[in-house]
Amino acid sequence: MCKKEIIIIDDGSVDASKNFLKTVEKKNKQVKIIFNNHNGVGASRNMGILE
């Protein structure tokens, strides 16, 4: 069996994405959501790497 982790970084979306991602995270323990405040692509990528 293969262990997997899915990391999703939300860089400050203003639509319903945040609620949808929280629902997905609750249903699937392999999914980890990180919410970021418009720090840009580079900062978001680096956050994912550090996780």
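In the calculated pair-distance distribution of the chain, the portion above 19 angstrom amounts to 30 percent of the Cα-Cα pairs. With the simple spin-label model, which puts each label point 7 Å out from Cα in the Cβ direction, the residue 30 to residue 11 separation comes to 2.6 nm. Nonpolar atom fraction for the chain, defined as the carbon and sulfur part of the 1.4 Å probe accessible area, stands at 56 percent.
Positive contributions from Lys and Arg (+1) and negative ones from Asp and Glu (-1), summed over other residues with Cβ under 10 Å from the Cβ of residue 32, come out at -2.
The values are calculated or read from the model by the stated rules, or taken from the named source; none is laboratory data. All figures in this text were calculated on a predicted structure; none of them were measured in a lab. Note that we place each Cβ from the backbone using ideal geometry, even for glycine, and neighbour counts take in every protein chain shown. The area values use the complete protein model at the heavy-atom level, side chains included, leaving out ligands, DNA and RNA. Shrake-Rupley method; radii C 1.70, N 1.55, O 1.52, S 1.80 Å.
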